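The values are calculated or read from the model by the stated rules, or taken from the named source; none is laboratory data. All figures in this text were calculated on a predicted structure; none of them were measured in a lab. We place every Cβ from the backbone using ideal geometry, glycine too, and count neighbours over all the protein chains shown.
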Amino acid sequence: MELEAIVDQLATPGKGITATDEGAGTIGNRFEAVGIENTEENRRIYRQMLYQTDGVERYLSGAILDPETVYQKNDAGVLFPEALSLSGIVPGVKPHLKAPSRSSEDEHQVTVLSLSGGEIAKLIATPQTSIQEMKEELSTKTGLSVMLQALTYQDQALNDSQTCQQLGWTGPVSVYMVAKSVDFDGRIALLREDKAGLKETEIREVCALAQDIFMKQPVLLELQPPLVVCGTTSSCIDQLNEIITRCGEPGPAKYLFLGNYVSKGRTRSAVEKSGIDLVILLYCYMCKHPDQVFLLRGRQECSSLSRIYGFYDECKRRYNVKLWKRVVETMNCMPLCALIQSRIFCVSSGLSPELRTLDQINEIARPTDVPDHGLICDLLWSSPETDVNGWTEMDKGVSYCFGQDIVENFLKQNQLDMICRSGQVCEAGYEYFADQKLVTVFSCAKYCGEFDNAGAAARPFQTADTTQHHNQNVIAIHNSHHCYDYPRDHMNPKTGIMYTFSTCVPTHVYGP
């Protein structure tokens, strides 16, 4: 059944649970489950990814579900038995699982206290409610990630898998919660210093925290300059280190990364790829400074391409397949675009014939994999082409190429000045298109060891005084062959907002 037909079917209140077999070629079979929250307050579509493995466990956004149990909540922590979808995972089997109903007679109150005795929250639980589910509801109420919560009862630590029934809770109880601390500084230092990497448990913890942040962010971020915009990094953690050294430590300096963090790229050695280290390093920076470090999704941040181009193999060799799957689940929650000063539209790759207004971007439901066509696909795959007018299909067989007229129409319609994107190798690390209305920024130098390209990072900033940054209004291009300075100012004459792009290149890659 087509996905749209399933959505239509579920649009009727009381309809049950279903899924589509996507056959993505990941571990086991992948399914996209679709559901409708249909209440007086909200009506929207939910899409979740499920995987069938050799075992009986079922994966849904990182949670392992017992085959006989379906007890799902929406992203607000509210139980909707008819809202979120789940299905028997064997293709061809009709939906047969039902969400358990609650009886008010079974409900009891759980009061969560701080160590000082102050009340944090009151929860309503049933005998089947697990500690994990309580933590999820607490996360919604307090904003504290599940991974950072530690609950105790009568001086005993509570395990996430324990249920109220197992604990013997039949009436009101009080539990204590403390917030665990995460040593992000230590993990960042370890990853930047090219050590052995983090433990699997540490990576899973960082992924959970990062996913919480992603899901609280809009799909279209709205940012203010000054900040550093980095393009494709592709597993090149040594070059990311150099960019940080030159442009400033994330936190004091604001960063926006345009995606494509894993898989392809020149690596620390000819054998070892460091995609897992790079993406977890960026997650750590974002978790430590969620208001200063922002990550967009690129086309490499999906199950299919990361499996083909090396990230899956790296995770399998260094850790295990389940960890790869966990990182991909986090990537499925990433924002897709950003808007700087309401004037620069930032995206990993390009535009889409389906994209008319920016409001459409925030309507995209997450988590989601990258489909093989449509708006999400185009944002992560399409590219500008000098010899093209309008839209034309790409030679790769996915998405489109677009011409200068498309760029100009999009900017005019949405009252924008410029598009900043990545996704294509540039000899100088950056390249302008459409009379400097679009710039490609590529931060991975010596890409794949097959190109002699420089890497670059962009620095858009705002100033009312156009002479204030006169000496900085250049793009410095560095590689082993030349070093020139070119004026590359882009100023909106109506607002006086000036955007300057300057490169930051790891010169040790190229020699003097």
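Per-residue answers, yes or no, for (1) assigned by the TED database to the domain that holds Arg299; (2) surrounded by 21 or more Cβ atoms within 10 Å (Cβ to Cβ); (3) out of contact with any strand residue (DSSP E or B) (no Cβ under 7 Å at 6 or more places or on another chain):
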{"position": "Val370", "(1), (2), (3)": "no, yes, yes"}
{"position": "His373", "(1), (2), (3)": "no, no, yes"}
{"position": "Asp378", "(1), (2), (3)": "no, yes, no"}
{"position": "Pro384", "(1), (2), (3)": "no, yes, no"}
{"position": "Met394", "(1), (2), (3)": "no, no, no"}
{"position": "Val398", "(1), (2), (3)": "no, no, yes"}
{"position": "Phe402", "(1), (2), (3)": "no, yes, no"}
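Of all the numbered requirements in (1) over 16 Å from Asn260 (Cβ atoms); (2) within 18 Å of the chain's Cα centre (by Cα); (3) assigned by the TED database to the domain that holds Arg204, Ile361 misses one, and that requirement is (3). For segment 242-260, a residue qualifies if it is touching a residue at least 60 places away in the same chain (Cβ under 8 Å) and farther than 15 Å from Lys446 by Cβ, and the qualifying residues are Arg246, Cys247, Leu256, Leu258, Gly259, Asn260.
Test Val327 against the stated conditions and say whether it is closer than 22 Å to Ile203 by Cβ, crowded, with 20+ Cβ neighbours inside 10 Å and either modelled with pLDDT under 95 or not aromatic (Phe, Trp, Tyr) (or both). Criteria met by Val327.
Out of Ala210, Ala189, Ala196, report the one residue that is out of contact with any Leu (no Cβ under 9 Å at 6 or more places or on another chain) and small (Gly, Ala, Ser). Just a single option satisfies the conditions, and that option is Ala189. Glu222: touching a Phe, Trp or Tyr at 6+ places or on another chain (Cβ under 6 Å) and on the phi < 0 side of the Ramachandran plot, yes or no? For Glu222, the condition - touching a Phe, Trp or Tyr at 6+ places or on another chain (Cβ under 6 Å) and on the phi < 0 side of the Ramachandran plot - is not met.
Taking first residues from segment 195-214 that are farther than 19 Å from Leu144 by Cα and partners that are among the basic types (Lys, Arg), the Cβ contacts under 7 Å between residues at least 6 apart in sequence or on separate chains come to Gly197/Arg318; Leu198/Arg187. The number of residues in segment 426-464 being modelled with pLDDT of 85 or more, in contact with a helix residue (DSSP H, G or I) (Cβ under 8 Å, 6 or more places away or on another chain) and within 22 Å of Asp387 (Cβ to Cβ) comes to 5. In segment 283-294 there is at least one residue that is crowded, with 20+ Cβ neighbours inside 10 Å, outside the structural domain of Leu144 (by the TED database) and β-branched (Val, Ile, Thr). Here Pro290, Pro335 are screened, and the one residue that is farther than 30 Å from Gln436 by Cβ and either in contact with an Asp or Glu (Cβ under 6 Å, 6 or more places away or on another chain) or assigned to a loop (DSSP other than H, G, I, E, B) (or both) is Pro290. Note on segment 306-329: residues that are closer than 18 Å to Asn260 by Cβ and either not assigned by the TED database to the domain that holds Ser234 or not in a helix (DSSP H, G or I) (or both) amount to 2.
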